[in-house]
1. Take the range 6-57 and flag every residue that is under 15 Å from the mean Cα position of the chain (by Cα) and loosely packed, with under 12 Cβ neighbours inside 10 Å.
2. Take the conditions surrounded by 15 or more Cβ atoms within 10 Å (Cβ to Cβ) and out of contact with any strand residue (DSSP E or B) (no Cβ under 7 Å at 6 or more places or on another chain) and apply them to residue 168. Does it pass?
3. If the requirement is being closer than 19 Å to residue 106 by Cβ, out of contact with any helix residue (DSSP H, G or I) (no Cβ under 8 Å at 6 or more places or on another chain) and assigned to a helix (DSSP H, G or I), which of these qualifies: 12, 65, 30?
4. Restricting to the range 15-27, count the residues that are in a helix (DSSP H, G or I) and in contact with a helix residue (DSSP H, G or I) (Cβ under 6 Å, 6 or more places away or on another chain).
5. So which of 98, 154, 125, 117 is under 29 Å from residue 32 (Cβ atoms) and in contact with a strand residue (DSSP E or B) (Cβ under 9 Å, 6 or more places away or on another chain)?
6. Confirm whether residue 147 is surrounded by 15 or more Cβ atoms within 10 Å (Cβ to Cβ), over 12 Å from residue 112 (Cβ atoms) and assigned by TED's automatic domain parsing to the domain that holds residue 129.
7. Taking the criterion of being loosely packed, with under 15 Cβ neighbours inside 10 Å, over 30 Å from residue 132 (Cα atoms), in contact with a helix residue (DSSP H, G or I) (Cβ under 8 Å, 6 or more places away or on another chain) and at pLDDT below 95, would at least one residue in the range 101-108 satisfy it?
8. Of the residues 128, 83, 120, 142, which is in the same structural domain as residue 30 (by TED's automatic domain parsing) and either under 21 Å from residue 14 (Cα atoms) or in contact (Cβ under 8 Å) with a residue 12 or more places away in the chain (or both)?
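The values are calculated or read from the model by the stated rules, or taken from the named source; none is laboratory data. Note that the structure is a prediction, hence the values are computed from the model and not measured. Every residue, glycine among them, receives a Cβ derived from its backbone with ideal geometry; neighbour counts consider all protein chains shown.
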């Protein structure tokens, strides 16, 4: 099983347990992110928790000490201890992403990445967010970035769907139609 598939299963389990215990989903996500960042930021801790040569009981003991001091939600604590027991702490980054996606789906939010040739003004970003929300029927979390290579227009990516309204793509279409036209 790939780490992404395993992370998806653990994320689903955490989500289901948190829902059953009426835990705060956003707090669970925040705590999971903070623990993952702590492990990633401390090189010695990261190597100890992700090295297959370190026995799982030692990893569990280290995680127990960390979560005891942090006062994490019970479902998050149980998950981290389970991951330590099964020597699966290396999947934490994928687990965070999978849990975040599950949480966004639960909250009826979709993430959209928009690429423009120039920085997007706040009013234009709001209008684009509103249009994408109407198109998807969901709230839109908009992430913007600039790429001058698209010349003008915008490219919006929502999951696997891409809306390409860039000048570069329009020029490509014109070239294709001109080169494929019969003589």
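1. Hit for the range 6-57 is 26, nothing else.
2. Numbers: surrounded by 15 or more Cβ atoms within 10 Å (Cβ to Cβ): yes; out of contact with any strand residue (DSSP E or B) (no Cβ under 7 Å at 6 or more places or on another chain): yes.
When the stated conditions are applied, residue 168 passes them.
3. 30
4. 4
5. 125
6. Answer is no for this residue.
7. The answer is no, given that none of the residues of the range 101-108 is loosely packed, with under 15 Cβ neighbours inside 10 Å, over 30 Å from residue 132 (Cα atoms), in contact with a helix residue (DSSP H, G or I) (Cβ under 8 Å, 6 or more places away or on another chain) and at pLDDT below 95.
8. Details: 128 fails: in the same structural domain as residue 30 (by TED's automatic domain parsing); 120 fails: in the same structural domain as residue 30 (by TED's automatic domain parsing); 142 fails: in the same structural domain as residue 30 (by TED's automatic domain parsing).
Exactly one residue qualifies, and that residue is 83.
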